Amino acid sequence: MSIMRSIVILVGLCANAHGYELRPIKLKYSNVFLIKAQKNILVDTGSKGEIEDLIKRLSDMKVKLDDVSLVVLTHAHSDHAANVAEIKHRSKAKVVLQRGDLGFATAGDHGKLRVSSFLGYFLKWFIDPKYEAFTPDFIYDSMYDLIPWGIGGYIMAMPGHTKGSSVIIVDQTKAFVGDMFMGGYFGGAYRPEKPGEYYFSDDIERNKSNIKVLIDMGIETFYVGHGGPVSRSDLVKWITD
């Protein structure tokens, strides 16, 4: 058994017994996820101009913005982190970010994107890298425990898409992977369950290595920033083709 697999099992055994629900929130440009529990956790926040839509979608789930305890960012690109500052203004939510993307957050600018697919050359001209800057409440380097927040899981640093990309592991079998890869075509509008290369990435080979690590850990369901969710079997087929 791998060391990482042992860590995942240990976290699961030590987890609090509180129940939770995983609720996807599909916004115009990316996915946000609510882990609805005793302490609500929001994974990513969407793009500029989407805060009111996000608040409405949360309200539909009987959750107010002030009910969110923690915001976890998979990375600090503008389509995932643009509403963090507004959430901090309007609520008491704390924010956790991997140190590698701290510069993006404090500058409010993710800079130039490194294209990793043909369509990316076209799309990059329509992406605004700027958003309202913010300072995370918690900055971590390798791992951040979610058990104190009532969830059997943790956040793990997995640089690849960006230097500060993170993966959120829940209950040993579920992973929120941000833009490590995507689901489907045209931002997930068609065949969202089919894994594929995302349009932009700092390090494609490292992303592939990360995927193999997660597969080895026994992850069954992969929640992505665009499209998805993606099953383990489909991901294994894609990565080994």
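Coordinate-derived values only; no laboratory data. Here the structure is a predicted model, which is why all the values come from computation and not from measurement. We place every Cβ from the backbone using ideal geometry, glycine too, and count neighbours over all the protein chains shown.
Observations on the model:
- The amide H of G108, built 1.01 Å from its N in the peptide plane, has F134 as neighbours under 5 Å, considering only residues 5 or more places off or on other chains.
- Rounded to 5, the percent of DSSP beta bridges in the chain classed as antiparallel: 65
- Local charge for G188 was computed over the other residues whose Cβ lies under 15 Å away, with Lys and Arg +1 and Asp and Glu -1, and equals -2.
- Distance from the Cα centroid of the range 178-223 to that of the range 80-126 is 18 Å (rounded to whole angstrom).
- Taking Lys and Arg as +1 and Asp and Glu as -1, the other residues whose beta-carbon sits under 13 Å from that of S117 total 0.
- Spatial extent of the range 42-141: Rg and Dmax, with the Cα atoms as the point set, Å: 14.0, 41
- Net length available on complete extension from F126 to F186 is 20.2 nm, with 0.36 nm assigned per residue and the Cα-Cα distance removed.
- Reported label for calculated Rg and Dmax of the Cα atoms in Å given (i) 20.4, 63; (ii) 25.2, 91; (iii) 16.5, 47: (iii)
- Least to most buried among V96, V68, V63 (fewest other Cβ within 10 Å first): V63, V96, V68
- The label-point distance for A133 and T173, in a model that sets each label 7 Å from Cα toward Cβ, rounds to 4.5 nm.
- Debye, to nearest 20: dipole size of the range 3-236, +1 on Lys, Arg Cβ, -1 on Asp, Glu Cβ: 180
- In terms of surrounding Cβ atoms within a 10 Å radius of their Cβ, W238, W149 rank from fewest to most as W238, W149.
- Taking other Cβ atoms within 10 Å as a rough exposure proxy, K94, K28 sort from fewest to most as K28, K94.
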